[in-house]
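Taking it in order: structure first as structure tokens, then the write-up.
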Protein chains: 2
Amino acid sequence: MLEKTTRMNYLYDFYQSLLTPKQRSYMSLYYLDDFSLGEIAEEYNISRQAVYDNIKRTEAMLEEYEEKLLLFHKFQERGKLIVRIKDLLKADSTDTTTIIQKIAELEKLD
Amino acid sequence: MLEKTTRMNYLYDFYQSLLTPKQRSYMSLYYLDDFSLGEIAEEYNISRQAVYDNIKRTEAMLEEYEEKLLLFHKFQERGKLIVRIKDLLKADSTDTTTIIQKIAELEKLD
């Protein structure tokens, strides 16, 4: 569950601009502010089931956007490469060839 | 016009997965294969006006996605930083601090 929450937080971060204001409100209360479905229902004066359905649909939309655009995936890959480049730089390596290789891999991720 | 074509080619590249198959066909014939509106109309047996309207709508959609997700903008910014990092590396600079700074700027673009 924690893993799913983390993933949804990232997907929400990347794709929130493609959601409707209502979807954004529910998702942000549920995932960022840790409200329960019941609390959100009360806040908006709708049924718990309606909140649940909306959040489930939004989660599916976020996964669909990720499948199409891979922003979270590329973010993770870039992150790994950047850690590697920093390590090489910190090691005061004169191996600039490897660093340039890693940078070329970074560019390919665009 | 050339500038617009280049921009549309990039936006198409970044967001084509969010378009419908029909939108993709028209856009790819018009922008990548340099077909005229008339030629596309003939190919699909529809009016030139219908092709024109579809392409205009798709262009507007691509600009809207870019406004929301900034993928092309970030791609350009990352590109500039990477050129700068490569220059620093090639100059055999021992100034790793500046390189690490540039890499931190890269990370902020995600």
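Checking B:LYS68 against (1) assigned to a helix (DSSP H, G or I); (2) open to solvent by less than 60 Å² (accessible area, probe 1.4 Å); (3) within 10 Å of chain A (Cβ to nearest Cβ), which test does it fail?
(2)
Give me the residue from region B:18-47 that is assigned to a loop (DSSP other than H, G, I, E, B) and within 14 Å of chain A (Cβ to nearest Cβ) and, out of that set, least open to solvent (accessible area, probe 1.4 Å).
This residue is B:LEU19.
Picking from A:LEU29, A:LEU37, which residue would you name as being in contact (Cβ under 8 Å) with a residue 12 or more places away in the chain, over 26 Å from A:GLN76 (Cα atoms) and not small (Gly, Ala, Ser)?
Exactly one residue qualifies, and that residue is A:LEU37.
Looking at region B:71-101, which of the residues that are of a type in the set (S, T, N, Q) and outside any helix (DSSP H, G or I) is least open to solvent (accessible area, probe 1.4 Å)?
Ranking the qualifying residues of region B:71-101, first place goes to B:SER93.
The values are calculated or read from the model by the stated rules, or taken from the named source; none is laboratory data. Please read all numbers here as calculations on a predicted model, not as lab measurements. Cβ coordinates were reconstructed from backbone atoms using ideal geometry, including for glycine residues, and neighbour counts include every protein chain displayed. We work out accessible area using only protein heavy atoms, side chains counted, and drop any ligands, DNA or RNA first. Shrake-Rupley method; radii C 1.70, N 1.55, O 1.52, S 1.80 Å.
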